[in-house]
Amino acid sequence: MIKKPLLSIALAAACCSQAYAITPASLNQLGNGLDVTYSVLDNTQDEWRTFRGALSLTNNSATDLPASGWAIYFSHIRMFKTVATSALKVTHVNGDIFKLEPTSQFQPLKPGETFNFEFDAGDWLVAKTDVMPNWYLVSEDKGQEITALITSTSNTINGKVPVKPSDELPFVSDFTSAKQWKRYNSSALADHYDPFTAKDRYERNADLNEIDNLAGVVPTPAAITVGTETVTLNNNWVVTFDNGYQEQAEYLAKQLGLQTVNWTPATSNTIHIGWGSVTVDGQQKWAEAYNLDVNTTTNTIKIKAVDQAGAFYAAQTLLQLKNGMAIPSANVADAPRFHYRGLSIDTIRNFRNKDSMLQLLEQMATLKLNKLHLRLADDEGWRIEIAALPELTKVGSKRCHDVTEQKCLLPFLGAGPDGTAESNGFFSAEDYREILRVAKNLNIEVIPELDMPGHAHAAIKSMEARYHNFIKQGDAAKANEYLLTDFNDKTEYHSVQMFNDNAMNVCMESTYKFVDTVVAGLVALHQDIQPLKTFHFGGDEVAGAWKDSPICQNFIANNNKGVTDVSELSRYFVERISTITANHGLNLGGWEDGLMHNNKVYPRSQMVNKQVAGNAWQNIWEWGVADRAYNLANNGYGVVYNQASHFYFDHPYEPDPEERGYYWAPRFTDTRKSFGFMPDDLFANADFTRAGVPITKEEVLAKAGVKSLERPENVLGLQGSIWAETIRTEEQFEGMLFPRAIALAERAWHTAPWEAHDNNKVAADKPARNADYNRFANLLGQQILPDMEADGISFNLPVPGAVIEAGVLKANSPFPGLAIEYSTDNGQSWQAYDQANPPAVAAPVKVRTVSGERSSRTTNVN
């Protein structure tokens, strides 16, 4: 049922401040005393077009919120449409920043009074973390704007951001009804997802059981046998090595607390690392392959590897097999499925610092992941120091209240008036070079991404600040040298993230000088440590820019470079970027939509780089775009499978309002789903629509323009991505990434025998798939995750499943071996759950998973 529309609101960009008359002291009082409550009322009111929400402002300060002279700035990821009051108006500023201010009909809000109103905003909002924190008041004092954080919306407790949304966003009301957690609910389109109950989880985990005396390695080697006898390392053991393998020997020796010595004849109590050919399944392997033999008879361990990377990965396998100082007899022949096994990390929306990256590199190495795709520039920030253009970090790495964006960017994504530790920061040249040094030692290639021409608000505003600075100095030539903006461009557009100015002008030569300069800066940073091989230009989600740019109109009118229409400008930009990067000796990477337009792939022959690769990401099954990976590969591009359906780790683990993350692709992605990805037949991975309706491979194929992969040699590998809009702290980051990244590593390294090529085989191989996942889940629960806990990694703790049958509590976990606790007194006290001796209980009962001092969300068992 479509509800009656509310009052219209202004959505034009805010430009001019009004005359304010609130003192700084009064504004601070109001910031400390104004209680904001944000509620979602109905996401289903008109299918997916709008949702109805409510805002409550309660004045608990000792001063009036006056009739005028103030505004509230806040982040909101959905476009405000209408408000149900004539006393307030809302203006869209840019991106996710909105401004709420009183009209002439607003009456002062006195201490103790509350003002409530409803609003409609675009699409839907079904998770607490969709709401951004750190709203703030703005007024004016002595001709200067002043600000005050509204502390009721602050996401910190004692200066720290909590992990759980319920603690982090206390001003957001709970989601307690289907209208709040469903996105649509009509005869034409129904949302089939509800939050899981304890019983739902119990049934989802029902095919899992704990395996005793489990020995194994993740990712699974191509061939492995493990015996029961062991060798025990002690100070008498040494690590020896052949020429070329000293670094790997020293790495392993350090991990084991042993000494290295130069090559000696094989004797007992030695771990020898050297060259050797490796055969797997009758085929000789030429890269990253190794043999590992732990011989309890001769008391020796031998590693033969085809290259240094293979020796390094053999060491990782050996370290996983180790229990204390005992290592079981084992024979391993191993090589990776794909030579590209990566993670792409958004360091922009919320910053991940150098220490975070160094810790991530260590975990990646353990999992034999070898590509760190580091996204360093987007609309909301610029995170890498480029010596030639200091404005990029001086302006673009910070957020604060500055509507001119001359000293900082606007406080997007809930950064508040002064920014936060999570919103501000960048990698200095030395920070970045230290990351490169560690990555090189761990056999991980760093692939930097600076997104362009879209997603470039931070770069554009930084270069505008540079422009205005040089104009003030009277140097127009310098001012225009790196400018990315046609100031006379009247094009009106909104990007996906609601920016109206985030596309570099691709018709200006200064844009290409900018690109060449930042690419040269990256090349210089990599030089002499890990020479840069690939520059990733992003290229994704370019909005409808340039149409009314006089510079572009003139460019097209003169038929420059064969461009005859605005729609051809993106292709022209990519070809120019190709030339620039090729001149630096680089390969080129981009997101799939950066290499095509309207699903038509740009001619590979016009790209001059030796290799151009695309990350295939947007595969929402019902949209008919799941063929983009095959389309690129068949047209000569390298392809990295980066499917949002399985490998976007910013999505929730469950369809629950209390789970963190966006949900625009699948409603949720758990570890089992990532584990089950089948790279050899993309369409066989089809499972559900966004609404939760089952969908088959045949249905997806019917909409696909490209039905099959004709050039499989162009498939480079797999990558997972994590986007940081709702991920602020290190604990949140690690929880969203792990353990799903472990499942990615499994599929990137190992081909499982159950992987399907058609839907009939999917069904037939389901028992084998479940058995393999049970083995994998046990290795995680018993070995991998406890090791991560010991390393200080805050991996996600899943909510356990549970039921009460005949007065007995039965509980289970998706990772058998993780500890479960239960409470019969509403969480006042907790007891360890013993699956072998389940306790007699009376409902209600709470259960949770624990690891070390950490615990999962709780669930009620009724």
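The values are calculated or read from the model by the stated rules, or taken from the named source; none is laboratory data. This is a predicted model, so every value here is computed, not measured. Quick reminder, even Gly has a Cβ in these numbers, built from the backbone with ideal geometry, and neighbours come from all protein chains shown.
Some points to look at:
- Given (1) within 27 Å of ILE695 (Cα to Cα); (2) assigned to a loop (DSSP other than H, G, I, E, B), index of the condition VAL799 fails: (1)
- Output for region 771-796, where each listed residue is part of a loop (DSSP other than H, G, I, E, B) and either surrounded by fewer than 19 Cβ atoms within 10 Å (Cβ to Cβ) or modelled with pLDDT under 95 (or both): ASP791, GLY792
- Tabulated pairs, region 773-786, first touching a residue at least 12 places away in the same chain (Cβ under 8 Å), second surrounded by fewer than 22 Cβ atoms within 10 Å (Cβ to Cβ) and part of a helix (DSSP H, G or I), C-beta under 7 angstrom, 6+ apart or interchain: TYR773/ARG672
- Every residue from region 420-474 that is in a loop (DSSP other than H, G, I, E, B), under 19 Å from the mean Cα position of the chain (by Cα) and within 19 Å of THR517 (Cα to Cα): PHE426, GLY454, HIS455, ALA456
- Restricting region 478-527 to residues that are aromatic (Phe, Trp, Tyr) and in a loop (DSSP other than H, G, I, E, B), the residue that is surrounded by the most Cβ atoms within 10 Å (Cβ to Cβ): TYR482
- Close contacts from region 375-391, counting a first residue that is in the same structural domain as GLU541 (by TED's automatic domain parsing) and a second that is among the basic types (Lys, Arg) and surrounded by 20 or more Cβ atoms within 10 Å (Cβ to Cβ), with Cβ to Cβ under 6 Å and a gap of 6+ residues or different chains, come to LEU376/ARG383; GLU380/ARG349; GLU391/ARG466.
- Residues of region 206-264 satisfying the condition of being in a loop (DSSP other than H, G, I, E, B), surrounded by 12 or more Cβ atoms within 10 Å (Cβ to Cβ) and of a type in the set (Val, Ile, Thr): ILE211, VAL217, VAL218, THR220
- Number of residues in region 528-565 that are at pLDDT 95 or above, touching a Phe, Trp or Tyr at 6+ places or on another chain (Cβ under 8 Å) and in a helix (DSSP H, G or I) equals 1.
- Any chance PHE573 is out of contact with any helix residue (DSSP H, G or I) (no Cβ under 6 Å at 6 or more places or on another chain), at pLDDT 95 or above, crowded, with 21+ Cβ neighbours inside 10 Å and within 20 Å of LEU483 (Cα to Cα): yes
- Of all residues in region 103-122, exactly one satisfies the criterion of being touching a Lys or Arg at 6+ places or on another chain (Cβ under 8 Å) and over 12 Å from GLY53 (Cβ atoms), namely THR103.
- For region 595-615, a tally of residues being among the charged types (D, E, K, R) and either in a helix (DSSP H, G or I) or over 19 Å from VAL542 (Cα atoms) (or both) returns 2.
- Residue pairs meeting the criteria (Cβ under 9 Å; at least 6 apart or on separate chains; first free of Cβ contacts under 8 Å to residues at least 60 places away in the same chain, in region 658-678; second polar (S, T, N, Q) and part of a loop (DSSP other than H, G, I, E, B)): ALA665/GLN618; ALA665/ASN619; ALA665/GLN643
- Total residues in region 65-83, condition in a loop (DSSP other than H, G, I, E, B), in contact with a Leu (Cβ under 9 Å, 6 or more places away or on another chain) and surrounded by 17 or more Cβ atoms within 10 Å (Cβ to Cβ): 4
- Elements of type helices (runs of 4 or more DSSP H) contained in region 658-750, each with 1 or more residues being at pLDDT 95 or above and closer than 30 Å to LEU358 by Cβ: 671-675, 730-737, 740-749
- Enumeration of residues in region 530-549 that are within 27 Å of the chain's Cα centre (by Cα) and among the hydrophobic types (A, V, I, L, M, F, W, C): LEU532, PHE535, PHE537, VAL542, ALA543, ALA545
- Residue list for region 103-159, filter: of a type in the set (A, V, I, L, M, F, W, C), without any contact (Cβ under 8 Å) to a residue 40 or more places away in the chain and out of contact with any Ser or Thr (no Cβ under 8 Å at 6 or more places or on another chain): ILE157
- Any hit, region 339-358, residues being within 21 Å of LEU718 (Cβ to Cβ), over 20 Å from the mean Cα position of the chain (by Cα), in a loop (DSSP other than H, G, I, E, B) and in contact (Cβ under 8 Å) with a residue 24 or more places away in the chain: yes
- For GLY257: the one exception among (1) out of contact with any Lys or Arg (no Cβ under 9 Å at 6 or more places or on another chain); (2) under 30 Å from TYR822 (Cα atoms): (2)
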